[in-house]
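To start, the structure itself, in structure tokens.
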Amino acid sequence: MKKLIAILLTAGLFAAPTAASAGGRGGYPGHGGHYGHSGYYGYGAGAFFAGLVGGAILGTVLSHTYEPAYAPAPGAYYAPPPERVWVPGRYETRYERQWVPGHWEVARYSGREGNGDDGFSHDRKVWVPGRYQEVPARVWLPGHWEERG
């Protein structure tokens, strides 16, 4: 693509003095066109230098054909490994659901209500149904490695 642009630029530099001298300074013969002095002196030096620069550009482009050079891939970044930490073992209290089966209980009450305790009481059996109950349990958690970071 660069080579094509350089060739078109050089061709434009060669064509510019020729197109300018064809029209002259008004296009009339004898007034700067092909027949006057400007045909030889007005555009001659500019055409010479334009040809010299254009030839240098074209010669450079045609003689130095470079193969594309590719940069090496950037180095891969690897994050440092996470830090490993030893966590020692410990006891921990956890609450576990435990089934308490139904059972009979003896309920004591006094025979007379409202008179207070007269020393005489009566017993009666009451059924307590089974239920789940939260019971604290001490559990050992062994030591282990953890990754932090």
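Please treat every number below as a calculation from the coordinates, not as lab data. Note that the structure is a prediction, hence the values are computed from the model and not measured. Every residue, glycine as well, gets a Cβ built from its backbone with ideal geometry; the counts of neighbours run over all protein chains shown.
Sticking with the crude label model, points 7 Å out along Cα→Cβ, report the distance from A6 to H103 in nm, one decimal please.
In this crude spin-label approximation the distance works out to 10.3 nm.
For A69 and Q133 in one chain, what is 0.36 nm times their gap in residues minus the Cα-Cα distance, to one decimal in nm?
Gain on extension, A69 to Q133, equals 15.3 nm.
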